[in-house]
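Read through the structure below, which is laid out as structure tokens, and then see the notes.
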2 protein chains.
Amino acid sequence: MSVDAAYGARSAEYTSLFGDISSTHPDDRALVADWATQVTGPILDLGCGPGQWTGFLHGIGADVSGIDLTPEFVELARSRHPELEFEVGDARRLHRSDGSAAGVLAWYSLIHLAPDELPQALAEIHRVLRPGGALLVGFFDGDGDDVEEFAHAVAPAWFWPPDRLAEELEDRGFAVDRITRRREPGARPHAAITAHRKA
Amino acid sequence: MSVDAAYGARSAEYTSLFGDISSTHPDDRALVADWATQVTGPILDLGCGPGQWTGFLHGIGADVSGIDLTPEFVELARSRHPELEFEVGDARRLHRSDGSAAGVLAWYSLIHLAPDELPQALAEIHRVLRPGGALLVGFFDGDGDDVEEFAHAVAPAWFWPPDRLAEELEDRGFAVDRITRRREPGARPHAAITAHRKA
């Protein structure tokens, strides 16, 4: 089953479990908010799901819109945040013009791309970001040296060792600004990378 | 030269560079503040240097006092924060009674203990913490599997792989609650562990 179909079939369940911003980690909210307040211009929430982060970013004053592969999520996001723009779209083929975004949030969305699909998505993010534009990626922290697939509850996903993902970003014209990682008992390890598009 | 003498000789220089809370990382301030607000009772800032974190914790309403191995730092801390208590002391032999602290902040202080000295300091922290008491350790993040000494600007220090330090803590009666890590270009990798004394 494709990622969009897998999430589509379970979109209501996912939304009830994770669709509210209050179910996110307070450190993540602090990180995303801190990142967004340094972005001047439109932010794209790429892989927005039912729009929990889109709504959060809007709430702190960001100019934000959302894209998701799963039509059911886009519908839910629209109904939950009628004041915001959401559209169905694929990170590998974004319907956005070059340099149209000042920031891209990819929070636990690139995790569902097979490693050999990632470069295409990063190239697209690079294209839609203006030079100097900001990227924030949230993902499952792979502790070893290798990218590793695992059985995510909804669709296959990959653990990325932060250094490996940082390399991918550097290879695609991004400069990495910060890597943060968090591990807590009972939760999958988390990591985030902030980067920006080089000129 | 011992750690206290090394810092003593350079206490003015250190203080001018790092003695102000504004020179700390905003994420660290958020982490320390978040941690402290969950502690009810006295907090010990262990290895407080010139008192930048002691003052910060006091400023957010914590009941906090500081201990440092270096007399020059204790003098500086007292003059900068005359409303707070500071004393000269050694993490391996604390002049505090059992269970007297609700929280211990050890922010980049245990890093100067040789690995074979650490257990004694952890046992002391365990002793002065009440059951359930909170510990927050900041340290240089060792990326490999081994504890590694390096030439810190002032006194020898050790990189600790977070998992290794977490093991040391678990071995000494602490439960690890969270490991956070941060890496930025041009800075040594940072890590922090929050833990609590088991009953």
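Pairs under 9 Å by beta carbon, first residue more than 7 Å from chain A (Cβ to nearest Cβ) in the range B:163-190, partner assigned to a loop (DSSP other than H, G, I, E, B) and of a type in the set (Lys, Arg), six or more apart or different chains?
B:173/B:198; B:174/B:198; B:175/B:198
Can you tell me how many residues in the range A:119-138 are over 15 Å from residue A:176 (Cβ atoms), open to solvent by less than 20 Å² (accessible area, probe 1.4 Å) and touching a helix residue (DSSP H, G or I) at 6+ places or on another chain (Cβ under 9 Å)? Working first, answer last.
Filtering the range A:119-138 for residues over 15 Å from residue A:176 (Cβ atoms) gives A:119-121, A:123-124, A:127-128, A:130-131.
Restricting the remaining residues to those that are open to solvent by less than 20 Å² (accessible area, probe 1.4 Å) gives A:121, A:128.
Checking which are touching a helix residue (DSSP H, G or I) at 6+ places or on another chain (Cβ under 9 Å) leaves us with A:121.
Of the residues in that region, 1 qualify.
So that you can scan it fast, the table gives a plain yes or no per residue for (1) among the β-branched types (Val, Ile, Thr); (2) open to solvent by less than 10 Å² (accessible area, probe 1.4 Å); (3) within 17 Å of the chain's Cα centre (by Cα); (4) under 20 Å from residue A:48 (Cα atoms):
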site	(1), (2), (3), (4)
A:97	no, no, no, yes
A:143	no, no, no, no
A:149	no, no, no, no
A:155	no, yes, yes, yes
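Can you say whether residue A:169 is part of a helix (DSSP H, G or I) and either open to solvent by 60 Å² or more (accessible area, probe 1.4 Å) or farther than 22 Å from residue B:140 by Cα (or both), as far as the supplied structure shows?
On the way: part of a helix (DSSP H, G or I): yes; either open to solvent by 60 Å² or more (accessible area, probe 1.4 Å) or farther than 22 Å from residue B:140 by Cα (or both): yes.
Yes.
Do you know which of the residues in the range B:6-17 that are of a type outside the set (Ser, Thr, Tyr) and out of contact with any helix residue (DSSP H, G or I) (no Cβ under 6 Å at 6 or more places or on another chain) is surrounded by the fewest Cβ atoms within 10 Å (Cβ to Cβ)? If you could, list the steps in order and put the result at the bottom.
Looking only at the range B:6-17, we keep the residues that are of a type outside the set (Ser, Thr, Tyr), and these are B:6, B:8-10, B:12-13, B:17.
Subsequent filtering for residues that are out of contact with any helix residue (DSSP H, G or I) (no Cβ under 6 Å at 6 or more places or on another chain) retains B:6, B:9-10, B:12-13, B:17.
Numbers: B:6: 18, B:9: 15, B:10: 16, B:12: 13, B:13: 13, B:17: 11.
Checked the range B:6-17; the qualifying residue surrounded by the fewest Cβ atoms within 10 Å (Cβ to Cβ) is B:17.
May I ask you to list pairs of residues, at least six apart or on different chains, whose Cβ atoms are under 9 Å apart, with the first in the range B:17-41 being within 11 Å of chain A (Cβ to nearest Cβ) and free of Cβ contacts under 8 Å to residues at least 40 places away in the same chain and the second being in a helix (DSSP H, G or I) and among the acidic types (Asp, Glu)?
B:26/A:34; B:30/A:27; B:30/A:34; B:34/A:27
From the set of residues in the range B:18-68 that are surrounded by fewer than 22 Cβ atoms within 10 Å (Cβ to Cβ) and charged (D, E, K, R), which is farthest from residue B:193 (Cα to Cα)?
Step by step, filter the range B:18-68, then rank; the result is B:20.
Could you list all residues from the range B:175-199 that are surrounded by fewer than 20 Cβ atoms within 10 Å (Cβ to Cβ) and in contact with a His (Cβ under 6 Å, 6 or more places away or on another chain)?
Of everything in the range B:175-199, just one residue is surrounded by fewer than 20 Cβ atoms within 10 Å (Cβ to Cβ) and in contact with a His (Cβ under 6 Å, 6 or more places away or on another chain), namely B:175.
The values are calculated or read from the model by the stated rules, or taken from the named source; none is laboratory data. Remember, it's a predicted structure, so these values are computed and weren't measured experimentally. Cβ sites come from the backbone with ideal geometry, for glycine too, and all protein chains shown count toward neighbours. Ligands, DNA and RNA are stripped out before the accessible areas are found, and what is left, the full protein with its side chains, is counted by its heavy atoms. Shrake-Rupley method; radii C 1.70, N 1.55, O 1.52, S 1.80 Å.
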